[in-house]
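Notes to accompany the following structure.
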Amino acid sequence: MRFFIPIFCITLSLWGFNVSKGKTLLLTLPSPSGIIASNDHNISVLLHPCDPTKGIAMLPIDYYALSGEHNLTWSAPGKKEAIVLTIVEGDYPTETLSVNPAKVTPPPEALDQISAEKEEASLLYATFTPVRYWNKPFILPIESNITSAYGSARTYNGTLKSYHGGTDFRALTPLPVRASNNGIVVLVKERYYSGGTVIIDHGEGLYSCYFHLSRFDVHTGDYVTQGQTIALTGDTGRITGPHLHFGIMLHGIQTDPLDLLKQIEHLFTSTKGLL
Ligand SMILES: [Zn+2]
């Protein structure tokens, strides 16, 4: 949507977008460089994967972001635009889950491990690798039914309240897990909550995550290509049964993976954008 404000702002137009919490605003911009600035941080404009004359910006909206209008500015050499981003509530279901009580109230001896894993993940996701390893749309890691979508408001064992930060795929028997796209494996580990875990850095602040695995087929530091088998599904970590949890972290924010993958695919099939 694009409209112009008369009189007050003759050269500055205004773009407006509504985005639900947990989704990503993916903008196509008329210049391959520049920044999107908000009150608290800036996001660099990246090269469009199909059109070198254009740029893209991916702005993930945190699940717990405040609703309402946020003023942003896009600027590139000789160009500037105001953007009003309106954050709205997502339409997510609720889920009640029963899991091993130790995965809701961890024993004291597990607290150091949990804390170290949380810190390690935060540092990892905050790392911006200034390279794009992918040049085609992302794929799903397995072909199977979705058993739980991103964003469900969850209650574990009637007490712990959280939300689902990824997409779950049915995997009653161990299935090969494919790399969603090219990238560098940056973590292969058994973790307390996510069980057998593989994380791939796709560059430019985008990571894909694969949880509850029963076998690893890659090592930290490996370069993997799209479709390559990286692991087997399993039932490790905080689970109600065997499945694959697939997540995307973008600029340190856990965003709806299928929403983002669909928008990235759209970049390859359409030149539609702000122009
Ligand atoms: Zn999950």
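Just so it is clear, none of the values below were taken in a lab; they were calculated from the coordinates. On a predicted model such as this, the values are computed, not experimentally measured, just so you know. FYI the Cβ positions are ideal-geometry reconstructions off the backbone, even for glycines, and counts take in every protein chain you see.
Results, tabulated for the structure shown:
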item: 22 Å Cα-Cα reach of K103 towards lysines, excluding residues that sit fewer than 8 places from it in its own chain; result: K118, K161, K189
item: Rounded tilt (10° steps) of 257-269 against the dominant C-alpha axis of the chain; result: 50 degrees
item: Segment 72-88 - phi-based ³J(HN,Hα) in whole Hz, Karplus 6.51/-1.76/1.60, Gly and Pro as x; result: 10, 9, 9, 9, 9, x, x, 9, 7, 9, 8, 10, 10, 9, 9, 8, 10
item: Chymotrypsin sites (Phe, Trp or Tyr not before Pro) within segment 24-77, DSSP loop, no more than 10 other Cβ atoms inside 10 Å; result: Y64
item: Fluctuation leader among D217, D91, D235 - the chain, Gaussian network, Cα springs under 10 angstrom; result: D91
item: Antiparallel content of DSSP bridges confined to the chain, in %, to 5; result: 85 percent
item: Reachable lysines, given that their alpha-carbon falls under 24 Å from the alpha-carbon of K79 and they are not under 8 places away in the same chain; result: K54, K272
item: Expected 222 nm ellipticity per residue - DSSP helices of 4 or more, -39500 (n - 2.57), all of the chain, to 500; result: -3500 deg cm²/dmol
item: Cα extents of the chain along the three principal axes, largest first (Å); result: 63, 39, 34
item: Likely footprinting exposure, F17, F211, F138, F216, fewest C-beta neighbours within 10 Å first; result: F17, F216, F138, F211
item: Under 5 Å, built H, 5+ apart or other chain: amide partners of W15; result: A82, I83, V84
item: GluC sites (Glu not before Pro) restricted to DSSP loop in segment 29-110 with at most 10 other C-beta within 10 Å; result: E89
item: Segment 80-205 shape via C-alpha gyration tensor axes, a/c threshold 1.5; result: rounded
item: Anisotropy class of segment 2-90 from Cα gyration tensor, a/c 1.5 cut; result: oblate
item: Degrees separating the helix 111-125 axis from the principal Cα axis of the chain, which is the longest one; result: 30 degrees
item: Highest-fluctuation residue, G16, G166, G252 considered, GNM on the chain with Cα pairs under 10 Å; result: G16
item: Relative packing of peptides 239-245, 185-191, 255-261 - highest average C-beta neighbours within 10 Å first; result: 255-261, 239-245, 185-191
item: Cα gyration tensor category, rounded, prolate or oblate, for segment 70-128 with a/c compared to 1.5; result: oblate
item: Relative contact order, percent, the chain [alpha-carbon distance under 8 Å, six or more residues apart]; result: 19 percent
